[in-house]
Every structure is written in C-alpha cells, then in structure tokens.
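Participant: Take this structure, written in structure tokens, and hold onto it; I'll ask about it next.
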Amino acid sequence: MPDGAGDGVTVTRLSETPDRLGESPVWDADAQCLWWIDGVAGLVRRMGFEGDAPRGVETFAFEGHVGSIALAEPGGIVVALEHSVVTFRPDAGQTELLLVLTGADPAMRLNDGKADRQGRFLCAGMGRTGAPLGALHRIDRRGGHAVLCEGLTVGNGICFSPDGRVLYFTDTPRRQVMACDYDPESGAASVPRVHIDTDALGSGIDGATVDADGNLWGALIRSAEIGCFDPSGRLLRRVPAPVDLPSSLAFGGAQMDRLFVTSIRDSGTGRAVSTHPEGGHLFVLDGLGSRGLPEARVL
C-alpha cells in the first residue's frame, strides 16, 4: 500500500512475498519491466508494468548464489553466478557461458554488477567472510576479460556517470565510494580514488545508480536511508528508506522518474537480518523529482 515518505515522496510496496536477499534491480525501458534477484535463493525475477501498475511476476531459478544481473539482447539478461557469468534467454530457457573464473578461491563469490554505457559487463567480487578477496572484473560478449581492481571486501555499487567517463563502485564495509576515470572506447580504468567517505553517515553504500544529472544515489544499508550525492561527492539529500536494510536501487518507469528499491530479509550470513515486518520486499519511490537513464545492454 502507498505510504507517505515526506517531501512529496510516496512509497509503494510492489512485491507480495519477500526476498531473502533482494538485489540488482534493473529497468528494461523497451519492455517496460523490472528485473531483480533474490541472491541467496538463486532466483531472478521479472515484473511487467502497464503504466505505473505492476502486472505480475515471473521467476527463474539458478543453481547457487546469484550475485547480479544486467540487460542483454531484448528479453535476455546477463547473470553473475558464484564464479561464472552467463547470458540467459528466459523465453527460450537457454544459457550461454561468458566467463568462468578458473581456480577462483571458494571463499570468494561474484556480487554486484552493471553494464557500462558501451555494453560491457562489470562485476565486483567479495569475500564470503569479509576477507579482501574480491576483484572488479570487466567482461564483454566476445570473451574479453580484465581485472580493474583487487582487494575488495564486499564490492558493490557499480555505476557510471551519464557520459560513461567516470566509473563508480563501493567497498561497503569500508564505507567508501571509489571513482575511476574510464575510457568508454577501450574500457580502461585509472587507479581508483576515494570519491565519497560515508562513515559520517553511519553506513556504507550497497547498491547505487546515477541519475540524468550525474548525481549518485546509494542505498545506505546501515542507516536505513537512500543518499543522493552530486558529481563532486557532496551530499545533497537523505531520504528515509522503506525498511531497515535497503540493498539496491534503480530508476525506471515510463518517464524514468520512479526509484525502485530492493531490500534484505536475511542475507544468510548473519550480518544482515531485517527486524522490519516488510524486510525483503520490493518498493518504488515516486515524487523524488529526479530521472534516471536507460541501462545499456550487454551485446
């Protein structure tokens, strides 16, 4: 049901049943649908819309943990599994292997991911017990693979400036948003620099996205808020989250002005267990006054 959030912002719960670890929302502007995952359950979900009204959810199961997703060819997605990345065409029930991390440490798994503006897939790893075992990977459909950064404890929050020339990502427990100069043509990234230190806000950022003005919106998982930061890293706004453990977010809707927010019920690690009665549900915030950008497809 709609629930007032102040400042003209309204919150609507969209899901009927909670996810254990809701993550990685991505809006398909062509199909007018939202994709997201329940990572712990190994599920990918797709919700269609008629205008602002949801029209049902389809669920697709994978073996093991699902870290993140991105759009692929129309009707298809890229899926980051524990140590591999695949493309998936649900209407055909087919998967195609893009990458296997041969010899990957069993204590590491792939986590948050996002397509760059040119359609490469970037995915960050994490240590299952918080050890700095994660790396930031760049993958393309021709099998190309590069490691852009190593030593991440929980890699998250991958997103890009509107022109695609700045790559952002977070290491959530370290409470830092990193930025890299990014070459759209080659996919090369500079040495990461600290862009935002969120320690004073009492939380690291989990998932993140960038709006059409270049502002970064992040799920402040430990303070139950959504933060908005301008391109220089200055805090512009703090919006109360619908639940205590917001995990990720994405702009979408017919006008790209709705903010979809996933959340956590129980991450399975003991580090993130919601005490809110609606923890794990999917929500949408309306009335924020900002618009997002359509996500690129991994082609």
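Participant: Would you please name the trypsin sites (Lys or Arg not before Pro) within region 44-73 that are DSSP coil residues with at most 14 other C-beta atoms within 10 Å of their C-beta? Walk me through the numbers on the way to the answer.
Facilitator: Numbers: sites: ARG45, ARG46, ARG55; in loops: none.
When the trypsin sites (Lys or Arg not before Pro) of region 44-73 are filtered for loop state and at most 14 Cβ neighbours within 10 Å, nothing remains.
Participant: Can you give me the relative contact order of region 91-135 as a percent, contacts being Cα pairs under 8 Å and 6 or more apart?
Facilitator: Answer for region 91-135 is 31 percent.
Participant: Hand me the trypsin sites (Lys or Arg not before Pro) from region 103-186 located in a DSSP loop with no more than 11 other Cβ atoms within 10 Å, in residue order please. Please report the intermediate quantities before stating the final value.
Facilitator: Details: sites: ARG109, LYS114, ARG117, ARG120, ARG128, ARG138, ARG141, ARG142, ARG165, ARG174, ARG175; in loops: ARG117, ARG120, ARG128, ARG141, ARG142, ARG165, ARG175.
Sites meeting the loop and neighbour criteria: ARG142.
Participant: Quick one: which residues, 5 or more positions from ARG237 or on another chain, have an amide H under 5 Å from its amide H? H modelled 1.01 Å from N in the peptide plane, none for Pro or chain starts.
Facilitator: Sorted by chain and number, the residues that satisfy this are CYS228.
Participant: Percentage of Cα-Cα pair distances in region 174-275 greater than 19 Å, rounded to whole percent? Walk me through the numbers before you get to the answer.
Facilitator: Working: 2420 of 5151 pairs.
For region 174-275, the fraction of Cα-Cα distances above 19 Å is 47 percent.
Participant: Just the projected area, averaged over all directions, of the convex hull on the alpha carbon atoms of region 1-157: how many nm²? Walk me through the numbers on the way to the answer.
Facilitator: Values: hull surface 42.9 nm².
With every direction weighted equally, the projected area is 10.7 nm².
Participant: Moving on to the next point. Convert each backbone phi in region 115-130 into a coupling constant with the Karplus relation 6.51 cos²θ - 1.76 cosθ + 1.60 (shift: θ = phi - 60°), then list the ³J(HN,Hα) values in order as whole Hz, x for Gly and Pro.
Facilitator: Per residue, the Karplus-derived 3J(HN,Hα) values read 7, 7, 5, 9, x, 8, 9, 10, 9, 9, x, 8, x, 4, 10, x Hz.
Participant: Within region 41-150, report the GluC sites (Glu not before Pro) that DSSP leaves as loop and that have at most 15 other Cβ atoms within 10 Å. Walk me through the numbers before you get to the answer.
Facilitator: Details: sites: GLU50, GLU58, GLU63, GLU82, GLU96, GLU150; in loops: GLU63, GLU82.
Sites meeting the loop and neighbour criteria: GLU63.
Participant: I would also like to ask the following. Residue-wise, which Karplus ³J(HN,Hα) couplings in Hz belong to region 169-175, taking 6.51 cos²θ - 1.76 cosθ + 1.60, θ = phi - 60°, and x for glycine or proline?
Facilitator: Result, ordered by residue: 7, 10, 10, 4, x, 7, 6 Hz.
Participant: Within a 10 angstrom radius of the beta carbon, how do VAL57, VAL85 rank from fewest other beta carbons to most? Walk me through the numbers before you get to the answer.
Facilitator: On the way: VAL57 17, VAL85 24.
Exposure proxy ranking, most exposed first: VAL57, VAL85.
Participant: Which of (i) 39; (ii) 46; (iii) 36 is the computed percent of Cα pairs over 26 Å apart for the structure on display?
Facilitator: (iii)
Participant: With a cut-off of 8 Å between alpha carbons and a minimum separation of six or more residues, what is the relative contact order of region 2-286 in percent?
Facilitator: 16
Participant: Relative contact order of region 161-228, please, whole-number percent, based on alpha carbon pairs below 8 angstrom and at least 6 residues apart. Working shown, then result.
Facilitator: Values: 133 pairs, mean separation 17.3, N = 68.
That works out to 25 percent.
Read-outs: derived from the displayed coordinates by stated rules, not from any lab. Every value quoted in this text rests on a predicted model; they were computed, and no experiment measured them. Ideal geometry is used to build each Cβ from the backbone, glycine not excepted, and the neighbour counts take in all protein chains shown.
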